[in-house]
Amino acid sequence: MELKKIIHYLLFFTLLFIGINYILSKGLSYLYEHNLNGQSGGKINYFMNMSPHPEVLVMGNSRSLYQIIPDSFSYTSFYNLSHAGMDDCYQLGLLHYIVKMKKKPNILLLQIDPEFYINNTKHFVSKDIQHLKYYYDKDELIQEEINNIGMYEKLKNAIPLYKYNGRTISLLKNYKTTKTNAIDNNRGFVKIIPSKFDSLNTVISYNSRAPLVSKKFSIDKAKYLLKIIEICKNNDIRLICFTSPHYKYDISEYQIIDDNLNTIFSKHNITYYNMDIDTTLTNKIKSPIYWKDYMHVNLYGASIVSLNFNKKLIQLNATDAGQN
Amino acid sequence: MLFNSFEFLFFFLLVTILYFVFKPKYRWTILLVASCYFYMSFIPVYILILFFLILLDFYAAKIIEDETQESRKKLWLKLSLIGNLGILAIFKYYNFLNDNLCVLLQITQIKNPIPYLNIILPIGLSFHTFQSMSYTVDVYRGRVKAERHLGIYALFVMFYPQLVAGPIERATSLLQQLKKNDNKLNYDDVVTGFSLMMWGLFKKVVVADSTAIYVDSIYNNAAINHGITNIIATWLFAFQIYCDFSGYSDIAIGAGRVMGYRMMTNFTIPYFSKSITEFWRRWHISLSSWLRDYLYIALGGNRISKVRTYMNLFATMLLGGLWHGASWNFVIWGALNGMYLSVEKLLNFNFDRSKKNILVKSIYIFITFNLICLTWVFFRADTFNNAITILKNIFVINGFFNPRIQDTSVMANIIFGISILLVFEYFVLRKRTFDYLHKNFPKYLFVFNMALIIIIVLWGVSEGSQFIYFQF
């Protein structure tokens with residue numbers, strides 16, 4: 001009798017959960033697909049809906065999101081599809097999906113961070129790819145990379161509502177922004193408004209940064225970059241990699257990383273522009289007034305960085321050959 | 001094996017099914033094997049330490065009960081206590097004591113000859129040693145009869161729901177239940193246990209883990225944060241640690257309840273306390289009552305002079321702080337709490353319950369909460385210097401009201417989770433238990449559980465942190 005009651009309770013609970021799951025996920029899917037704002041998928045949708053789709057695409061983390069101003073470039077068709085905090089695996093998954101949906105750009109400007117390639121774990125598995133879990137059923141590479149995280153990822157992603165995990169409130173907020181036509185039309189770029197504390201924050205954050213735990217290069221982490229290179233080659237996308245500047249940069253700390261990256265780029269004929277070693281640029285932005293913290297320039301600094309990058313791209317197009 | 005993992009879900013379902021499928025006489029074996037497996041999922045070899053302590057305390061208690069000579073009873077009690085405290089001292093405090101010795105020897109410019117030990121703290125050590133010590137002391141005091149069945153006693157120490165982070169159970173309660181072992185499958189127990197587990201999981205993965213994202217970003221960058229940012233981060237840490245720990249306790253209590261075992265309540269909405277004394281009657285009740293019964297009273301309690309009473313209170317809380325971790329930060333945390341309690345006792349402070357004025361109550365609650373938050377700064381900060389930096393930077397006037405939000409979506413999730421927590425705790429749990437809710441409002445409880453699981457799927461942090469109290 002007790003067992004029967006328990007089974008009834010659990011069965012009813014499970015069936016109701018499945019039903020509510022289905023209904024809610026349909027509702028959230030509608031919101032997701034019609035959202036054109038923010039990091040909870042809106043930016044990706046905005047890009048996908050652009051017609052014609054941009055020739056030049058910037059991808060990377062916050063060090064391209066807040067630093068590459070599309071309006072500063074000569075290209076008429078340019079979009080900044082960077083997402084703050086996201087690593088190479090996320091960029092790989094996103095690129096794979098974009099290409100699959102036939103929205104590939106002609107030129108991809110990919111921001112990479114030497115710090116990412118530091119070998120500080122035995123075996124690295126990216127967790128950032130989870131932020132693309134909405135596309136788990138839509139893209140096989142995204143599915144594969146998410147499944148690599150752990151043995152229960154398949155189970156989690158079998159629950160339709162799980163796609164919206166961690167982003168429900170932001171999705172609602174961004175959907176409202178979309179509906180009220182309040183989207184910032186900066187072509188994906190997000191401004192860091194300068195504040196009077198920037199200089200102080202920059203110096204303090206630089207002085208209190210954690211020391212490097214290792215200076216070795218991680219081949220494990222480089223696999224995502226290699227896959228990005230392969231996708232670009234197979235789809236006739238010109239890939240130009242770049243590293244945004246740091247407030248202060250000691251090349252000797254990253255020499256091994258830098259050398260390994262240059263080896264990869266040379267081998268695959270990829271243009272790599274490391275802004276940290278471009279003294280023409282770094283001299284212009286060496287004052288802390290251009291910085292938000294030691295890794296991000298503010299809007300003043302972004303203007304200088306973007307204009308400088310544009311000049312560099314013009315030079316690269318003029319010299320052609322895709323050489324460094 | 002964390003409670004907020006699929007491994008635990010499958011493990012719990014399997015163990016519970018086997019528990020009720022098999023005859024009662026085999027249940028202790030099933031639970032003991034399951035508890036061994038659960039413990040060994042962390043660092044397998046450390047189970048040998050657990051077995052050693054189980055054997056020591058089992059035989060010590062038997063001898064204490066059988067012995068007629070008081071001196072021999074005391075001897076075996078001391079052996080049991082030394083064994084437990086010795087293991088605790090080696091694994092938990094050895095390197096800390098060595099560090100301090102190093103500092104002292106540096107003054108005399110003598111090199112420290114004692115080597116450091118490269119060991120990881122066995123999980124749950126602080127909890128099960130305290131549980132075991134309370135057993136032998138209770139046997140010595142005649143409060144409980146010594147257990148004669150090694151397997152049942154081992155299960156009392158290793159019962160997997162409460163093995164690694166409490167509640168610290170007493171032999172007078174849990175051991176007697178494990179001995180009886182005649183629990184029948186009961187619908188009310190299953191639903192109440194399930195509800196407790198859901199609530200605990202909500203607190204852990206929705207509130208604690210999302211709050212941790214923000215708190216870590218502020219506390220790990222103490223130098224650049226100041227003003228109201230540090231205050232907000234500290235308030236949020238208060239919720240993080242509460243939800244992390246009470247969430248674990250609720251899952252543990254719920255898991256035991258599904259099988260028909262009743263474990264002690266460990267938290268009763270402590271942040272609504274109107275005094276520090278009241279807070280310590282509501283926070284980590286199993287530890288605070290342990291400290292009262294086995295340390296404070298043993299030191300003389302309040303049966304001696306007033307000065308000695310305050311000293312005993314202070315010493316008890318100081319040691320309570322040290323129990324949490326081998327670091328001066330925890331000692332300071334304990335000392336602050338001891339000081340608060342002593343001052344309240346000195347002033348004979350007792351919130352007059354006849355004061356129904358909501359504003360007055362709110363003021364007392366707010367003051368108590370902030371006094372506790374001050375102690376949390378030392379609890380959370382990695383080092384003493386970091387704690388001082390966090391506190392000092394609160395008073396940086398320039399940009400005081402300019403909070404660093406980091407990620408608005410994370411902050412929105414945090415506010416959402418804490419709002420649900422406060423509303424449910426204040427308006428529902430303050431005067432009712434889950435038992436009461438199941439008995440009187442079963443449909444509402446069903447709907448609430450359904451809402452919780454949806455919220456967990458949508459808002460739960462899926463790659464969340466380990467439970468904070470695992471490190472103790």
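Here are the numbers for this structure:
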| quantity | calculated |
| --- | --- |
| Counted residues, the range A:3-28 - those being more than 8 Å from chain B (Cβ to nearest Cβ) and surrounded by 15 or more Cβ atoms within 10 Å (Cβ to Cβ) | 2 |
| B:Asn385 being modelled with pLDDT of 95 or more and either out of contact with any strand residue (DSSP E or B) (no Cβ under 7 Å at 6 or more places or on another chain) or more than 30 Å from B:Ala326 (Cα to Cα) (or both) | no |
| Boolean, A:Gly42 is within 14 Å of chain B (Cβ to nearest Cβ), exposed (fewer than 15 other Cβ atoms within 10 Å of the Cβ), closer than 21 Å to A:Lys138 by Cα and among the small types (Gly, Ala, Ser) | no |
| Cβ pairs under 7 Å, 6+ apart, first in the range A:267-293 and over 18 Å from A:Ile204 (Cβ atoms), second surrounded by fewer than 17 Cβ atoms within 10 Å (Cβ to Cβ) and among the aliphatic types (A, V, I, L, M) | A:Ile277/A:Ile251 |
| Residue among B:Asp182, B:Asp189 that is more than 10 Å from every other protein chain (Cβ to nearest Cβ), among the acidic types (Asp, Glu) and either assigned to a loop (DSSP other than H, G, I, E, B) or surrounded by 18 or more Cβ atoms within 10 Å (Cβ to Cβ) (or both) | B:Asp182 |
| Selection count, the range B:5-28, where residues are more than 26 Å from the chain's Cα centre (by Cα), loosely packed, with under 13 Cβ neighbours inside 10 Å and part of a helix (DSSP H, G or I) | 4 |
| Scope the range A:211-236; condition surrounded by fewer than 19 Cβ atoms within 10 Å (Cβ to Cβ) and in contact with a Cys (Cβ under 6 Å, 6 or more places away or on another chain); matching residues | none |
| Residue ID - nearest to the chain's Cα centre (by Cα), chosen from residues in the range B:427-465 that are in a loop (DSSP other than H, G, I, E, B) and free of Cβ contacts under 8 Å to residues at least 60 places away in the same chain | B:Thr433 |
| Failed item in (1) under 25 Å from B:Tyr436 (Cβ atoms); (2) away from chain A (no Cβ under 14 Å); (3) of a type in the set (Val, Ile, Thr), with B:Val207 passing the rest | (2) |
| Scope the range B:1-31; condition farther than 24 Å from A:Leu3 by Cα and aliphatic (A, V, I, L, M); matching residues | B:Met1, B:Leu2 |
| Selection within the range B:29-51 - surrounded by 14 or more Cβ atoms within 10 Å (Cβ to Cβ) and polar (S, T, N, Q) | B:Ser35, B:Ser41 |
| Candidate set from the range A:156-210 (those that are crowded, with 19+ Cβ neighbours inside 10 Å and at positive phi); member that is nearest to the other protein chains (Cβ to nearest Cβ) | A:Gly166 |
| Any hit, the range A:237-249, residues being surrounded by fewer than 20 Cβ atoms within 10 Å (Cβ to Cβ), away from chain B (no Cβ under 14 Å), free of Cβ contacts under 8 Å to residues at least 60 places away in the same chain and in a loop (DSSP other than H, G, I, E, B) | yes |
| Qualifying residue in the range B:286-304 (condition: in a helix (DSSP H, G or I) and of a type in the set (Val, Ile, Thr)) | no |
| Boolean, B:Asn357 is surrounded by fewer than 18 Cβ atoms within 10 Å (Cβ to Cβ) and closer than 30 Å to B:Val461 by Cβ | no |
| Members of the range B:1-20 that are in contact (Cβ under 8 Å) with a residue 40 or more places away in the chain, within 13 Å of another protein chain (Cβ to nearest Cβ) and more than 18 Å from B:Asn181 (Cα to Cα) | B:Met1, B:Leu2, B:Asn4 |
| Residue that is nearest to A:Asn165 (Cα to Cα) [pool: residues in the range A:123-141 that are part of a loop (DSSP other than H, G, I, E, B) and either at pLDDT 95 or above or away from chain B (no Cβ under 14 Å) (or both)] | A:Tyr136 |
| Neighbours by Cβ (under 7 Å, 6+ apart or cross-chain): first from the range B:21-41, within 21 Å of B:Leu175 (Cβ to Cβ); second loosely packed, with under 13 Cβ neighbours inside 10 Å and among the charged types (D, E, K, R) | B:Pro24/B:Asp182 |
| Inter-residue pairs, beta-carbon under 8 Å, first under 14 Å from B:Phe130 (Cα atoms) and in the range B:320-337, second β-branched (Val, Ile, Thr) and part of a helix (DSSP H, G or I), 6+ apart | B:Leu322/B:Val331 |
| Filtered residue count, the range A:142-155, keeping only those that are at the interface with chain B (Cβ under 7 Å from one of its Cβ atoms) and either within 18 Å of the chain's Cα centre (by Cα) or not hydrophobic (A, V, I, L, M, F, W, C) (or both) | 1 |
| First in the range B:338-351 and closer than 13 Å to B:Lys274 by Cα, second anywhere and buried (at least 17 other Cβ atoms within 10 Å of the Cβ) and of a type in the set (Asp, Glu), Cβ under 8 Å, 6 or more apart | B:Phe351/B:Glu278 |
| Only one of B:Asn84, B:Asn95 that is of a type outside the set (Lys, Arg), farther than 14 Å from B:Val157 by Cβ, in contact with a Phe, Trp or Tyr (Cβ under 9 Å, 6 or more places away or on another chain) and not in a loop (DSSP other than H, G, I, E, B) | B:Asn95 |
| Residue list for the range B:392-413, restricted to those being facing chain A (nearest Cβ under 9 Å), modelled with pLDDT of 80 or more and exposed (fewer than 14 other Cβ atoms within 10 Å of the Cβ) | B:Thr408 |
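Yes/no matrix, rows are residues, columns are (1) more than 22 Å from A:Leu261 (Cα to Cα); (2) touching a helix residue (DSSP H, G or I) at 6+ places or on another chain (Cβ under 7 Å):
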{"position": "A:Asn61", "(1), (2)": "no, no"}
{"position": "A:Gly85", "(1), (2)": "no, yes"}
{"position": "A:Val125", "(1), (2)": "no, no"}
{"position": "A:Ile146", "(1), (2)": "yes, yes"}
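Yes/no matrix, rows are residues, columns are (1) surrounded by fewer than 23 Cβ atoms within 10 Å (Cβ to Cβ); (2) of a type in the set (Lys, Arg); (3) not in a loop (DSSP other than H, G, I, E, B):
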position: B:Phe202; (1), (2), (3): no, no, yes
position: B:Phe239; (1), (2), (3): yes, no, yes
position: B:Ser246; (1), (2), (3): no, no, yes
position: B:Asp250; (1), (2), (3): no, no, yes
position: B:Gly256; (1), (2), (3): no, no, yes
position: B:Gly260; (1), (2), (3): yes, no, no
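The values are calculated or read from the model by the stated rules, or taken from the named source; none is laboratory data. Everything quoted here is computed from the prediction, not taken from an experiment. Positions of Cβ are backbone-derived with ideal geometry, glycine not excepted, and every protein chain shown enters the neighbour counts.
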